[in-house]
Amino acid sequence: MGRGNCNSAYKVYRDAVGFPQIVAALCHEPCRDVCPREKTDSSINLNLLEKACLSYATKIDPNDYNLPAKNKNIAVVGGGISGLACTLRLSAKKYSLSVYEKSGRIGGHLWDKLPEEVFMKDIEQQFKFENYTLFLNTEINSLEEIQDYDVIYVATGKGGTDFGLLNDKLPRLLHERTAVFAGGSILGKDTIEAIADGLNNAAAIERYLRTGVVLPYEDNRTTKMELDPAKLICSKPVVPEKDGFFSKEEAVAEANRCLRCQCDACRNYSDLIAFYNKWPSRVRDEVVATILPGNADLKAAPAKRLINTHMMDGIFKEVCPMSIDLDGMIMESRRSLHRQGKQPWAFHEYWLRDMDSANGEMAEIAKAPNDFSKSNYVFFPGCQLGASDPRYVLETYEYLLKYDSSTALILHCCGAPAEWAGDEEKHKKVIEKIKKSWTDLGMPKIILACPTCKQKFNKFLPDLPVMFLYDIITEFGIEARRNEDNQIYSVFDPCSSRYEPQLRNEIRSLIKQAGYRIEEIYEDHPRCCSFGGQVSIANPEFAETVVKKRIEKSNNPYMTYCINCRDVFASEGKPVLHILDILFDIQDRDSKPKTVTQRHENRFELKNTLLKKYWKDEANVEQKSTEDKMKLVISPETREKLDSERILENDIRQVILYCNKTKKRTRDWESGYYSGYKKIGNMTYWAEYRTIEGGFELVNAYCHRMKIDLELVWNGKRTDVDT
C-alpha cells in the first residue's frame, strides 16, 4: 500500500487472512494495541487500509493452481467460518475435503454478524477455483462415523459438539491412524481468531500428512524486535476527509507511517549495513558463500569486498538487541580467507608494509634510560602518533621522564593491521615481540596514548598492566596552550573509547582546564572515523561516505584523542586538533596531515632524534640507502597523486634505479620521457620520468595488482629474468 500498488497489497492481505472482505468488516484490530506507534503518536489504522485495499484493487480473483490431486482425505466437521478457512487452505493444495454441516447452510454465526451478500460473496469468491464436497443437514454424532478419513478437523462452533476432545490433548490420533484437530469458536475464539485457527490448523494438518508427526500449529505472532520509542520520529496519523474511508492517496500516506515492525538498529548504527543496504541475514549468507572452501574458477565469492569494508569497530554487536556478533563473523571470515590464500592482498598490502616499516630497524625502539636496568613505566605511543608528527612522541616522552625518570620507551605497532588483514601468524609474531620487549624492560606498567592500542592490549595481552597517558597528566598536571580565540570545539570520541568512560571524562576535563569551551556531539555510541579495519583501500567510496557523515555531526572544529581520527578529518579539510596539540602546543587546527612518504620519514626521524637525545652513543640510523641518496624532483601535483594512491616515493625511486640499471624501459622520443616498471612486494609500480642534471624528474606514477612476467628478450638480447 505504501507504493500505491493495491493489487499486490490485496494479494498479500488475502493470503494472510483467507477471507479479506469478512475480516475487513469484522476485525476488532488487536494489532493497534501493540503497534509501536501507539505510544508515540497513533497506531497505524490498519482496518481502513484493508478497506481501501479492497476498494482500489482491480485484480481480486484468487490464484488458480494447476496441481495434481493428493490422495489424502480430510473431513471438516462444521461449515462455519473456521471450518471454511481450513477447507480453503487445504483445497488449494488439492487435498480431498468433505465438509459436514448439521444445518442447511454454511457460514455459521456470520449470519448474525453480517449481511448475507457480504460474507457469502467473499466465500464464493475465494472458493472460485477450489473443489470440496459439502454435506448439508448432516450432523456427526461420533467421530467413529468418519474414522476412515486421514484427518478430521472439528469446528462445530460455540456450544457445538466437542466429541470429548476438550478433555484431551489436542491434536491427537484416533485409533492410531486418523489425526484429529480442533479450532474456532468451540475453543472460545472470536470470529477473527476462529478464521486464524482454521488457517493455522490447515498448516499443521499438512505437516502431519507429510511427516506423520502430530503437532499443534505454532503461534508465530511473537517478535524478538526490541523497540526504543525514544528513537521513533513522530508521524501524525492520516485523517480521512471522507468519514471512515481513505482515498487512495490517504491510504498511501498512512501506509508509509508504518515501521514495518522490523528491527533496524543495525541500519541506524552500522555504516556497513546502511551502505550496502543489506540486512544481516543477507550479509551472513554472502559471507558464508564467500569463505566456503573451494578452488573452482567459478566459485561464488560475492562478499570479498564487503568483508574487507567493515571497520571492525564493534558497533554491531553493541547496538543489536539480540547481540548478533556480525563484527566477529566478519573478522573470522577475514582469517578464513587468509588461511585459504584467498584474502585480496591488495586491500591490506600497504597497511602491512606500513606496519613492517614501523616495526623495522629504522623506526623501532625498545629501550630504558641509560641509567636504569629496570623501569617502572614504559611509554607505548603506537605506530601512528610519531608518523603524524614526531613532536607528539618527543614532547610526551620528555614529560613522562619528569614524572618518572626510569620511564622506558617502546616504538612499535600494536599489531592491528595484521589482525585486520586476517594474518594470524604475522599478528602473533607482533604480539610476541611486544611481550618480549616488555619483559626485557622489567615488566613495567605500560602508558598508552592510543585508545585502539589499549583495545588490542586488553584483547591480546590481557596480563600486561596498562594505563592511559591522560591518567598521568590528570594526576601530575600540565601547562596547556590556552584557547585564545574563544572558539567552541566538539569532542569526537573515537570508536575504541566506547568502553573507556574514565578516559572520555579525563579528556573533557583537560580540555576545559585549558579554557576551551565544548559543545557535545550527542552519540549513543562513539563511532569510527573510517580508519578502522583498513577499509579505505578496499572501498574508498565507503570510507569517504563515513568520513562525511562524521564531519557533518557538528559545524564546530573537532577535538579528538585518536591520531587516526585527527588525520582522517584533517585530510577532508575539517578543522581538528588532537588533545596533545593543546597540551604540548604542537599543531594548529588547520594543519594538514602528512603524506604517506612523510609519515615513514617521520618515524625514521623520530628514532634518530630520540637516540641522539637520550642514548647519545647509539645515534646510528642516519645511513641513507641508494634510493634515498638519489635526486628525484617531484611536482606538488604528482606528490599529491602518490599520496592519494598510497605510493611511497622510495618505491618509485627503486623503479627508476632498476629501469636505469637494467635498461628495461621505453622512451617517448617526442617528449624524452622514460617509462618502466618494477614489482615490489605484490604490487607492480610504474614510473614515467626524465633525466635531469644530477638525477631525475618524476612525471607520473601509478601501481596495479597485475603481475608481469619479466621478458626473456629485451632489445634483441636475452636477459636474466631474475635481474
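Based only on other Cβ atoms within 10 Å, what is the fewest-to-most ordering of Lys641, Lys72? All intermediate terms of the calculation are to be shown ahead of the outcome.
Working: Lys641 15, Lys72 19.
The fewest-first ordering by Cβ neighbours comes to Lys641, Lys72.
How about region 388-480: which trypsin sites (Lys or Arg not before Pro) there are in a DSSP loop, with at most 11 other Cβ atoms within 10 Å of their Cβ?
Values: sites: Arg391, Lys402, Lys426, Lys428, Lys429, Lys433, Lys435, Lys436, Lys445, Lys454, Lys456, Lys459; in loops: none.
Within region 388-480, no trypsin sites (Lys or Arg not before Pro) qualify (loop, at most 11 other Cβ atoms within 10 Å).
Under the rule of at least 5 residues apart or a separate chain, name every residue whose amide H is placed under 5 Å from the amide H of Lys445.
HN-HN under 5 Å from Lys445: Tyr377, Val378.
Could you list Val288, Val596 so that the one with the fewest beta carbons within 10 Å of its beta carbon is first and the one with the most is last? If you can, show how the numbers build up before the last one.
Numbers: Val288 12, Val596 19.
So the ranking, lowest neighbour count to highest, is Val288, Val596.
With θ set to phi - 60° and the Karplus curve 6.51 cos²θ - 1.76 cosθ + 1.60, what are the ³J(HN,Hα) couplings of region 84-95 in order, to the nearest whole Hz, using x for Gly and Pro?
These are the phi-based 3J(HN,Hα) values: 5, 5, 5, 4, 4, 4, 6, 5, 5, 8, 6, 7 Hz.
Report, in whole Å, the centroid distance computed from the Cα atoms of region 85-147 and region 381-395.
82 Å
How many angstrom lie between the Cα centre of region 480-544 and the Cα centre of region 1-23?
50 Å
With a sphere of radius 14 Å drawn around the Cβ of Lys549, what net charge do the other residues whose Cβ falls strictly inside it have (Lys, Arg +1; Asp, Glu -1)? The partial results should precede the final answer.
Values: positive: Arg267, Arg527, Lys548, Arg550, Lys553, Lys574; negative: Asp271, Asp313, Glu523, Glu541, Glu544, Glu552, Glu572.
Net local charge, Lys549 excluded: -1.
Residues with amide H under 5 Å of Cys35's amide H, sequence separation 5 or more or different chain, H placed in the peptide plane at 1.01 Å from N; which?
The list, which skips near neighbours in sequence, is empty: none.
Once region 4-69 is represented by equal point scatterers at the alpha-carbon sites, with solvent omitted, what log10 I(q)/I(0) does the Debye formula produce at q = 0.20, 0.23 Å⁻¹?
-0.84, -1.00
To the nearest 10 degrees, how steep is helix 596-614 against the longest Cα principal axis of the chain, on a 0 to 90 scale?
Between helix and principal axis, roughly 50 degrees.
So for region 332-448, Kirkwood radius off the Cα pairs, Stokes-Einstein at 10 °C and 1.306 mPa s: how many µm² s⁻¹?
Stokes-Einstein gives a translational diffusion coefficient of 104 µm²/s.
Kirkwood hydrodynamic radius for region 265-343: how many Å is it when counted over pairs of different Cα atoms?
Values: mean 1/r = 0.0778 Å⁻¹.
With all distinct Cα pairs of region 265-343 included, I get 12.9 Å.
I'd like the distance between the alpha-carbon centres of region 245-285 and region 448-467, rounded to an integer number of Å.
39 Å
Could you work out the relative contact order of region 265-343? I mean the mean sequence separation of Cα pairs under 8 Å and 6+ apart, divided by the number of residues, in percent.
Details: 69 pairs, mean separation 23.4, N = 79.
Relative contact order comes out at 30 percent.
Compute the acute angle (0 to 90°) between the alpha-carbon long axis of helix 649-662 and the principal axis of greatest extent of the alpha-carbon atoms of the chain; round to the nearest 10°.
70 degrees
Against the longest alpha carbon principal axis of the chain, how many degrees, from 0 to 90 and to the nearest 10, is the axis of helix 191-211 turned?
Orientation of helix 191-211: about 80 degrees from the principal axis.
Tell me which residues come under 5 Å, amide H to amide H, from Tyr673 once H is placed; ignore anything under 5 positions away on its chain.
Asp668
Quick one: Kirkwood hydrodynamic radius for the chain, alpha-carbon pairs, angstrom, one decimal? Intermediate results must be reported in sequence, preceding the final value.
Values: mean 1/r = 0.0314 Å⁻¹.
Final number for the Kirkwood radius of the chain is 31.9 Å.
No lab work stands behind these numbers, since they all come straight from the coordinates. Everything numeric in this text was worked out from a predicted model, so none of it was measured. Neighbour counts run over all protein chains shown; Cβ positions are idealised from the backbone, glycine included.
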